Amino acid sequence: MRRILVVSNGHGEDTIGVALARALGALGYGVEAVPLVGRGRAYEEAGFAVRGPRQEMPSGGFALESLRALWADLRAGWFTMSLAHYKAVREAARGACATLVVGDVYALGVGSLFGRRPLFLMQCRSSVRAGPGRPYSVTERLMMRRAARVYPREAEGETWLRACGLGNVVYLGNPMLDALEDDAPALPPPYLLLLPGSRQDAYESLPRMLEAARRLGDTGLTPVVAWAGLPLEGTSMGEWQVEPQRFCHPDGTTVHLVRGLSKALLLGSRVALSTSGTAAEQAAGYGVPLVGFPTSGPQYTRAFAERQKRLLADALMLVDPDPGAIAAGVRRFLASAELQARARAAGRAAMGEPGAAQRIALDLHRHLVM
C-alpha cells in the first residue's frame with residue numbers, strides 16, 4: 001500500500017487532515033501524520049499512525065500573537081520539540097509517496113524542507129475574505145511554486161493566487177465541512193449550541209456561555225456544549241456543578257455536555273455561542289447563526305474575532321463578553337427571520353459545499369498516477 005505523509009499545524013488543521021486522510025484511505029492509500037501543534041488526538045482517535053513529539057505548548061499554537069506567548073513557548077522547550085518534529089517528518093517521508101501539508105506557511109516550510117515530493121498543500125488558514133492586507137506572504141507564495149498542487153480554502157483564494165502567477169492552484173471546496181462525525185446526540189432538538197473552542201480560552205468563555213444559556217431558558221432550545229477535549233476534572237464553573245454529561249445550576253437549569261461536534265448536532269441547532277475557530281466555521285457552513293465574544297486569549301482575542309467576522313460576515317454577530325449581551329444576541333437572531341436568512345447565506349458563501357475532502361483526495365490521486 002502506498003503511503004502519504006500528512007503534516008499539519010493546529011487542532012483545526014488536524015481535524016481537516018483526518019477528513020483528507022479518510023478520503024485518501026478510501027482510494028487505497030495509507031496515511032501517517034506528524035502534527036506540529038498539540039498531541040494529534042484527532043489522528044489517533046481516527047486510527048491513523050502519529051509520529052513525532054506529542055507536546056502541548058502554552059500558546060496553543062499561537063506563539064506569534066504576542067511576545068509573551070512566544071517567550072512562554074520558548075521556555076517550555078519549543079526548539080527541542082521542533083527539532084524532534086523535523087526529524088519525525090524526515091523519517092516518515094522515507095517510505096512515503098507524497099507529502100500533504102494542511103496549514104499555513106510554517107507547516108509548508110516544514111513539509112518542503114523535510115517531506116517527500118511531490119508536495120500538496122491544503123491552505124486552510126489564510127483567507128482573502130478575512131482581509132485586510134495580503135493573505136499570502138511572498139515567502140509562502142515562493143514555496144507554493146514548489147508544490148504539485150495548492151488547494152485554497154475559498155474561491156477568492158484561487159483567483160488571488162492565480163493573479164500572482166501561480167498556475168498550480170485550484171479551489172475544490174473547504175474540507176472543514178467534511179471533518180465532522182455523524183454521531184447524533186440523544187437529546188431533543190432544536191439546540192442552543194455552545195462552542196467554547198479547543199484552546200485555554202474555553203475555561204474563560206464557558207462560564208459566560210452557561211450563564212447566557214440559563215438566561216435563555218424560556219426559548220425552548222436545548223442547550224448543549226460541544227466540548228473539544230480539554231480536561232474538565234477539577235475545574236470550577238462558578239455556581240455550576242460539573243458532571244460527566246451535563247452542567248447543573250442550583251436553579252435547576254441543565255446544560256448538556258457532548259464530546260466533539262457532529263453533523264447531526266449542527267443540523268439540529270438554531271443558534272450557536274462561540275469562541276472557537278474551526279467549529280465556528282463548520283457551524284456557519286451548515287447554516288447556524290453564531291454569537292461570538294472576545295476572550296483574553298490565546299486564540300479568540302478581539303483581533304481574531306474581528307478577522308473571523310470579516311470572513312463569516314452576517315453569519316457571526318460579535319457582542320461584549322457579558323452573559324446579558326450574549327443572551328441578547330441570541331434573542332436578536334431568534335426574533336428575526338431576515339437575520340437568520342442572511343446568516344445562512346453568508347455562512348454558505350464563506351464555506352462552500354460539503355464533499356471537498358473527496359474532491360481533493362481524488363485530485364491528488366490523479367497527480368500521483370499520471
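Readers should treat all values here as calculations from the given coordinates under stated rules, not as data from a laboratory. The model shown is predicted, which means the values in this text are computed figures rather than measured ones. Positions of Cβ are generated from backbone atoms using ideal geometry, with glycine treated the same way; all protein chains shown enter the neighbour counts.
Summary table below
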{"quantity": "Distant-in-sequence amide H partners of ALA33 (H built 1.01 Å from N, under 5 Å)", "calculated": "VAL6, ALA49, VAL50, ARG51"}
{"quantity": "Lys, Arg +1 and Asp, Glu -1 on Cβ, resulting dipole of the chain about Cα centre, debye, nearest 20", "calculated": "1340 debye"}
{"quantity": "Chain lengthening between LYS87 and ALA337 when straightened (0.36 nm per residue, less Cα-Cα)", "calculated": "84.6 nm"}
{"quantity": "Selection of trypsin sites (Lys or Arg not before Pro), the range 140-187, meeting DSSP coil and at most 16 other Cβ within 10 Å", "calculated": "ARG145, ARG146"}
{"quantity": "For the range 191-351: rounded, prolate or oblate by the Cα gyration tensor [a/c cutoff 1.5]", "calculated": "prolate"}
{"quantity": "Per-pair calculated FRET efficiency, R0 = 45 Å: SER296 and LEU368 via Cβ, rounded to 0.05", "calculated": "0.50"}
{"quantity": "Whole-Hz couplings from phi, Karplus 6.51/-1.76/1.60, listed for the range 39-55; x for Gly and Pro", "calculated": "9, x, 4, 4, 5, 4, 5, 7, x, 9, 5, 10, 10, x, x, 10, 10"}
{"quantity": "Linear extension gain, ASP320 paired with ALA72, 0.36 nm per residue minus alpha-carbon span", "calculated": "86.5 nm"}
{"quantity": "Nonlocal amide H pairs with SER269, under 5 Å, H built at 1.01 Å", "calculated": "TYR191"}
{"quantity": "Radius 12 Å from Cβ of GLU140, net charge of other residues (Lys, Arg +1; Asp, Glu -1)", "calculated": "+4"}
{"quantity": "Amide H contacts of ASN9 (H built 1.01 Å from N, under 5 Å, at least 5 apart or other chain)", "calculated": "LEU36, VAL102, ASP104"}
{"quantity": "Test item: Cα-centred dipole of the range 99-197, Lys/Arg +1 and Asp/Glu -1 on Cβ, debye", "calculated": "720 debye"}
{"quantity": "Once exposed loop GluC sites (Glu not before Pro) are cut out (DSSP; at most 16 other Cβ, 10 Å), longest piece of the chain", "calculated": "57-232"}
{"quantity": "For the chain, calculated [θ]222 nm from helices alone, where every DSSP H run of n ≥ 4 adds -39500 (n - 2.57)", "calculated": "-12500 deg cm²/dmol"}
{"quantity": "Per-pair calculated FRET efficiency, R0 = 25 Å: ALA345 and VAL242 via Cβ, rounded to 0.05", "calculated": "0.10"}
